[in-house]
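Student: First the structure, then my questions, so here it is.
Laboratory data are not the source of any read-out in this text; all were calculated from the coordinates shown. Predicted, not measured: the structure shown is a model, and the values here were computed from it. Positions of Cβ are generated from backbone atoms using ideal geometry, with glycine treated the same way; all protein chains shown enter the neighbour counts.
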Amino acid sequence: MIIPSITKGLVFRSLTSISALSCSSKRLMASIKIPKISELPSLGLPLENAKRAAAYRAVDENLDVYQHRVIGIGSGSTVIYVAERIGQYLRDDEYRDYVSKFKCVATGYQSKQLIMDNGLTYAILEQHPHIDIAFDGADEIDCNLDLIKGGGGCLFQEKLISTSAKIFVVVADTSKKSPRRLGSHWVQGVPIEVVPAAYNRVQDDLLNLLGAKTATLRQGGKVKMGPVVTDNNNFILDTHFGDIDDPKKLHDNIKALVGVVETGLFIGNAAKAYLGSPDGDVLITSRENPAELQNETIMEQ
Ligand SMILES: O=C[C@H](O)[C@H](O)[C@H](O)COP(=O)(O)O
């Protein structure tokens, strides 16, 4: 079992050094004590337990309630638990005065909703261009902490937010770990956001100039006839290259094509990744220690 990270994390360490707060506004919202990770009821679905474990640990161990002010909230099904955990801090009297001052910037429509649904303050990057910390999911994570993202179609704004953040923390379940090189797990292909008028031309260039095996215009399927349109009114080409030898070079080559807005290759900007398992264990890798497994034994030391 994982030791409850609330007793290990940044939040707790900071708490020990401050005295209790007083504020009349904190009575406006019903107070809860933040649930300990070790005491959380099962969500009934192993994958959801894994995602929640990763997200809660990532928040508890990296969010500095007393120092951080601008928070990036990513997209996807795992980051739901990040927003939920930060919302729990907001409802705890110990932290409310600090968390209520957070400005949360979103990577798309879904994350804007998550921010508001959890009672947090939504803000825009134009007003808050310097993000203290950002949390986001990933579709594949390699041993260098390079990522494929954009499975949910949010890659451009995700890159904007994650590269504007001093600390970028990835949250995912362990199935997202790349078995070999990037591209070997997320075989649906690297998502590439393109200007609609250029999608044919970019598709040809990907196949003929950059050696893509497939470059498929993402379709809405049953929920929307025709191509998926991103939050930025663009299209997405899911482009499979097989195992990617040099993700940075491939990213640079794709970006050089006229009509490309952004790629789902996130190279060199994730500081840490939290990968949850259904039993609640969390594998933590960091840029300094890419292969390091910080399991329950290490956490107990
Ligand atoms: O466009 C979507 C994002 O890049 C997501 O962060 C990514 O697809 C991971 O999503 P999930 O947490 O649902 O696996």
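Student: At 4 °C and a viscosity of 1.567 mPa s, what translational diffusion coefficient does Stokes-Einstein give for the chain, taking Rh as the Kirkwood radius over Cα pairs? Give it in µm²/s as a whole number. Before the final figure, lay out each step's value.
Tutor: Numbers: Rh = 19.9 Å.
The diffusion coefficient I find is 65 µm²/s.
Student: At what distance in nm do the modelled label points of LEU210 and ASP97 sit from each other, each positioned 7 Å from its Cα along Cα→Cβ?
Tutor: Going from the LEU210 label point to the ASP97 one covers 5.1 nm.
Student: May I pose another question? Compare GLN113, GLN67, GLN188 in a GNM of the chain, Cα atoms joined below 10 Å, and give the one with the largest fluctuation.
Tutor: Per the Cα network of the chain with a 10 Å cutoff, GLN67 tops the list.
Student: Taking the highest mean first, how do the peptides 52-60, 34-42 order by number of other beta carbon atoms within 10 angstrom per residue? It would help to have the intermediate numbers written out before the result.
Tutor: Details: 52-60: 27.8, 34-42: 13.7.
Packing proxy ranking, top to bottom: 52-60, 34-42.
Student: Then there's this: Counting only Cα, what are the radius of gyration and maximum Cα-Cα distance Dmax of the range 190-264, in Å?
Tutor: When restricted to Cα atoms, the range 190-264 yields Rg and Dmax of 11.9, 36 Å.
Student: Please report, for the Cα atoms of the range 50-138, the Rg to one decimal and the Dmax as a whole number; what are they, in angstrom?
Tutor: Radius of gyration, then largest Cα-Cα span, for the range 50-138: 11.6, 34 Å.
Student: While we're on this one: Work out from phi, with θ = phi - 60° and the Karplus expression 6.51 cos²θ - 1.76 cosθ + 1.60, the ³J(HN,Hα) of each residue of the range 226-236, listed in order in whole Hz, and give x for Gly and Pro.
Tutor: x, x, 5, 10, 6, 4, 9, 6, 10, 9, 10
Student: Around ASP146, under 11 Å between beta carbons, what's the net of Lys plus Arg minus Asp minus Glu among the other residues?
Tutor: Neighbourhood net charge equals +1.
Student: Rounded to the nearest 5, what % of DSSP beta bridges with both residues in the chain are antiparallel? Before the final figure, lay out each step's value.
Tutor: Working: 22 of 42 bridges.
Antiparallel bridges: around 50 percent, rounded to the nearest 5.
Student: Full-extension gain between SER77 and ALA256, please, as 0.36 nm times their residue separation minus the C-alpha to C-alpha distance.
Tutor: 61.3 nm
Student: Take every DSSP beta bridge with both residues inside the range 190-264 and express the antiparallel ones as a percent of the total, to the nearest 5.
Tutor: So the antiparallel bridges amount to about 100 percent of the total.
Student: Right, another one. Could you give the nm distance between label points at TYR109 and ASP64, where each point is 7 Å from its Cα heading toward the beta carbon?
Tutor: Distance between label points: 3.7 nm.
Student: Let me ask another. Can you compute the FRET efficiency between LEU40 and LYS166 using 1/(1 + (r/R0)^6), with r the Cβ-Cβ distance and R0 = 30 Å? Round to the nearest 0.05. Could you put the intermediate results ahead of the total?
Tutor: Numbers: r = 29 Å, r/R0 = 0.97.
The value I calculate is 0.55.
Student: Which net charge results for the neighbourhood of GLU262, defined as the other residues with beta-carbon distances under 11 angstrom from its beta-carbon, given Lys and Arg at +1 and Asp and Glu at -1?
Tutor: Working: positive: LYS149, LYS159, LYS255; negative: GLU158, GLU193.
My count for the surroundings of GLU262 gives +1.
Student: Given contacts defined as C-alpha pairs under 8 Å and at least six residues apart, what's the relative contact order of the chain, whole-number percent?
Tutor: About 21 percent, as a whole number.
Student: Let me ask something additional. So, in the range 165-297, how many Lys pairs have Cα atoms under 23 Å apart, if the pair is 8 or more places apart or on different chains?
Tutor: 15
Student: Got the relative contact order for the range 196-264 handy, in percent, Cα pairs under 8 Å and 6 or more residues apart?
Tutor: Here the relative contact order equals 34 percent.
Student: Further, regarding this structure: Residues in the range 219-236 near a label at ASN200, defined as backbone nitrogen under 11 Å from the 7 Å Cα→Cβ point?
Tutor: Once the point is set 7 Å along Cα→Cβ of ASN200, nothing inside the range 219-236 turns out to lie under 11 Å by backbone N.
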